[in-house]
1. So how do 106, 64 line up by other beta-carbon neighbours within 10 Å, fewest first?
2. Where the only charges are on Cβ atoms (+1 Lys, Arg; -1 Asp, Glu), what is the dipole of the range 2-83 about its Cα centre, to the nearest 20 debye?
3. In whole angstrom, and with the biggest value first, how far do the Cα coordinates of the range 2-83 range along each principal axis?
4. Once the mean 1/r over all distinct Cα pairs of the range 88-127 is inverted, what Kirkwood radius in angstroms do you read off?
5. Each label point is 7 Å from the Cα along the Cα-to-Cβ direction; what then is the distance between the points at residue 93 and residue 8, in nm?
Amino acid sequence: MSEIKGKYKKIIEDLESNIKDPQELEYVKEKFSEFSMLFIDMIDRITKLTDNRINQIEERQQDIINRMNSVQDMVEEIEDDIYGEDRCYEFEIVCPYCNYEFTADIEDESKEEVECPECHNTIELDWNDEDDVFTCQGSCSHCGENCFENDEIDEDDVFEDDPLKDNKNDEDDKEDM
């Protein structure tokens, strides 16, 4: 601002040194002041318009922030509804030792075992490890059919009560003779 004042004074001094008629000098100074005031008024208007525009932008920005916060709150509520505040998993487990069915709350997937509340045996949790994929082929507690693991099945373990099993062994013994 002081730079503008210095330049203004220099222009007035230049006018005074070049205009010798006092009436003419006073007239030029007056018109120059009017012109300067017009220029300052224009700058003031532009500044006010700019300030108003900045205020509008700030208000819109605050409105957007409020909307984003509202959406974030809704997302958190939905997340709490889906996962619960403590984010634990609830599973129905059938104990392989005593066939007791119970519900276990498990807080994270790092937990690898749970204790049966009935027989107090430790049950290992399987978090869908791809090596142990089961295919339902009937007689399990969930579908009422037999279920076998996809890995190779030892026939002696599966068909313990097979009446033909003894006959097969007898035939194998005859072939060995």
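Where a number appears in this text, it was derived from the coordinates with a stated rule and is not lab data. Because the structure is predicted, anything quoted here is derived from the model rather than measured. A quick note on method: Cβ atoms are made from the backbone with ideal geometry, for glycine too, and the neighbour counts reach across all protein chains shown.
1. Arranged by neighbour count, lowest to highest, 106, 64 become 64, 106.
2. Using Cβ point charges on Lys, Arg, Asp and Glu, the range 2-83 gives about 860 debye.
3. 90, 19, 9
4. 10.3 Å
5. 8.5 nm
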